[in-house]
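A quick write-up on the structure given underneath.
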């Protein structure tokens, strides 16, 4: 059957070729020859499909899965379908085993990569914690050194004292009061220890006038005991 189809296809090809060549010297029959060539071409395509189906059927009758399967067996030098089936089965086992080995390798590589990433993260976390502790120790040492020095500790609390102390000092006035400092001066001009042990600083100034009961003005010297840690005014006085 297959040989018959091949022979028929060759005839169809010859018919198409003859029709095309005839159109050159038989111009008066060109239309009919063209139709014959097209018909022959269509028939040739149909025959090719039939040949393919015939080869596929023959392969299946021989025990192969398809014509393509039989072609692969021939390339491997195997003619027997049973032997080819065993060969494919063995190849599939090898491929499955190889795929499993590759999957295991990938899993091991991923596990190793994850372990390394975890170790790197742990090392980085420990380093960060160590640096944090180092910074904290340095800060505490710096604070301790500053707290032991009245100039450093006084400057540490000066800004907050300048903001909070004047309001409390003003409350000491029984009558009117007037600040005499200019924009370039500060109300708290110097400081001293109130309690070095507790870190309490006394801030001092003299830029204030208070009025007495007779309406007379008097320049006063005032003090403000201040805690730079809690930013709290502990006591004020004015003389």
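The values are calculated or read from the model by the stated rules, or taken from the named source; none is laboratory data. Predicted, not measured: the structure shown is a model, and the values here were computed from it. FYI the Cβ positions are ideal-geometry reconstructions off the backbone, even for glycines, and counts take in every protein chain you see.
For this structure, a couple of remarks:
- Residues (more than 28 Å from residue 195 (Cβ to Cβ) and surrounded by 17 or more Cβ atoms within 10 Å (Cβ to Cβ)) located in region 153-185: 177
- Whichever residue in region 163-182 is free of Cβ contacts under 8 Å to residues at least 40 places away in the same chain and part of a helix (DSSP H, G or I) and, among such residues, is farthest from the chain's Cα centre (by Cα): 170
- The number of residues in region 206-232 being part of a strand (DSSP E or B), surrounded by fewer than 18 Cβ atoms within 10 Å (Cβ to Cβ) and under 58 Å from the mean Cα position of the chain (by Cα) comes to 1.
- Single unsatisfied condition, residue 77 versus (1) at pLDDT below 85; (2) loosely packed, with under 10 Cβ neighbours inside 10 Å; (3) in a helix (DSSP H, G or I): (3)
- Options 122, 139, 106, 95; residue that is closer than 30 Å to residue 61 by Cβ, within 46 Å of the chain's Cα centre (by Cα) and either without any contact (Cβ under 8 Å) to a residue 12 or more places away in the chain or exposed (fewer than 10 other Cβ atoms within 10 Å of the Cβ) (or both): 95
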